Amino acid sequence: MDNNSNSKKKVALHNLGCKVNAYETEAMTELLKKAGYDIVPFEEGADIYIINTCTVTNIADRKSRQMLHKAKKMNPKGKVIAAGCYAQATAKDIEKDSAIDIVVGNDMKRNIVEIIESDGKMETLVDINDAKVKREFEELNIEESMEERARAYIKIQDGCNQFCSYCIIPFARGRVRCRKPENIRKEVKRLADRGYKELVLTGIHISSYTYEENGINYTLKDIVKLISMEPRIKRIRLGSLEPRIITEDFMETIAGIESMCPHFHLSLQSGCDTVLKRMNRRYNTEEFYNGVELIRKYYPEAAITTDVIVGFVGETEEEHKITHDFLEKVHFSQMHIFKYSMRKGTRAAHMDNQVDPQVKNIRSEDLLSLDAIMHKEFLDGQIGKCKEVLFEEEMSINNKRYFVGHTREYVKVAVETDDDLTNEIINVKITDYVTDEIMLAMF
């Protein structure tokens, strides 16, 4: 199929799930554009619909199914492609779904053009890799179509070896594999050439990054150092981290890197050791707290955020209270609270003593209230401080024109101005609130 015939084909893509999925959807979009396809909004009229699916929860599965069926209804004669984690984890089931024409598992997205054009026709194709098989990192680059103009995401790793008892992701994404440092360096240069000043390192489990090259073993801190050698990149931000990576050596290394942002997302899941053990999380609360103290030793004003699952299998009222008290002790800047959802195919799905949904709701509200208090205290603590802001977009709030961006701690800040500050880094003084989540600042 030549470029002219490709241009007649309209392709609509829809992304579900995490930042890694978003990155891969952008990369597939670029591959299709280069092959001559016309990328259109996800609405009626496309010839091909690609849904990059998610399977992290049962709700994610349902949303994936709904979007796949919605696509087929929008154009019954069009081709519907299920890609990504839901496709990988449930391939045998969705292969039988009449709404789906092509199933593309993880590590096959880079071949999206070839898959569509296979033998000059588009027949049902199931190409799903076994998640248990060790594979190479799938090279997907984004050169043109990143949605954000000031901040770019760069995928450095895929897969997970942790096998937490509640999580399906190791089965959907497979074992850990890491991107070659040289390829990371090349993409960093490309992104810097395009004017990006902030990079966010993303992956499924970036703490496990390790790559041996020319007798040198690169870990996550080495990749941060490598990226920091590009002077046009003014900020490096890390995605979600495993608590055990926070060591004196790690913190000492990254604290010596000027472009490193003092914003750390440490995945906790529970503040109770007995629950952590049932979850198969490989640390305890003492180790976690020691990591937090190390971060604050090097970055006293760091933003530390986390994820917490409430109502995990067997969680008692006492265990919930222990978690509540631990969260208060750590004093996070922000928390993401999730109610445990049984996930078919995980060990936790076979555990006895599932928690009543109403109990989950009560415990979730308790932690959400705690989060609101701690988050407000963190934001209140920004008032009166001078902060460096990377401005990203214009925004109208209460009929006033603001330019909005983020501090290095990822606090959203707005200044009232008629100037275009897109992608500018400016020092401002935070004075008040514009909304509950946006701080007001002045030059």
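The values are calculated or read from the model by the stated rules, or taken from the named source; none is laboratory data. Note that the coordinates shown come from a computational prediction; the quantities given were computed from them, not determined experimentally. Cβ sites come from the backbone with ideal geometry, for glycine too, and all protein chains shown count toward neighbours. We work out accessible area using only protein heavy atoms, side chains counted, and drop any ligands, DNA or RNA first. Shrake-Rupley method; radii C 1.70, N 1.55, O 1.52, S 1.80 Å.
The residues in segment 160-214 that are among the aliphatic types (A, V, I, L, M), touching a strand residue (DSSP E or B) at 6+ places or on another chain (Cβ under 8 Å) and assigned to a loop (DSSP other than H, G, I, E, B) can be counted, and the count is 2. For segment 254-354, the strands (runs of 3 or more DSSP E) that sit wholly inside it and include 3 or more residues that are open to solvent by less than 60 Å² (accessible area, probe 1.4 Å), over 19 Å from Cys160 (Cβ atoms) and of a type outside the set (S, T, N, Q) are 303-310.
If we scan segment 381-404, do we find a residue that is under 22 Å from the mean Cα position of the chain (by Cα) and open to solvent by 40 Å² or more (accessible area, probe 1.4 Å)? There is at least one residue in segment 381-404 that is under 22 Å from the mean Cα position of the chain (by Cα) and open to solvent by 40 Å² or more (accessible area, probe 1.4 Å). The listed residues are Asp371, Asp420, and the only one of them that is at pLDDT below 95, touching a Phe, Trp or Tyr at 6+ places or on another chain (Cβ under 8 Å) and acidic (Asp, Glu) turns out to be Asp420. The set of residues from segment 191-228 being under 19 Å from Glu252 (Cα atoms), within 21 Å of the chain's Cα centre (by Cα) and aromatic (Phe, Trp, Tyr) comprises just one member, Tyr209. Asn217 passes every criterion in (1) assigned to a helix (DSSP H, G or I); (2) open to solvent by 60 Å² or more (accessible area, probe 1.4 Å) apart from (1). Would you call Ala60 open to solvent by less than 50 Å² (accessible area, probe 1.4 Å) and touching a Lys or Arg at 6+ places or on another chain (Cβ under 9 Å)? No, not satisfied. Residue check: is Glu230 more than 22 Å from Val20 (Cα to Cα), acidic (Asp, Glu), in contact with a Lys or Arg (Cβ under 9 Å, 6 or more places away or on another chain) and surrounded by fewer than 21 Cβ atoms within 10 Å (Cβ to Cβ)? Against the criterion (more than 22 Å from Val20 (Cα to Cα), acidic (Asp, Glu), in contact with a Lys or Arg (Cβ under 9 Å, 6 or more places away or on another chain) and surrounded by fewer than 21 Cβ atoms within 10 Å (Cβ to Cβ)), Glu230 qualifies.
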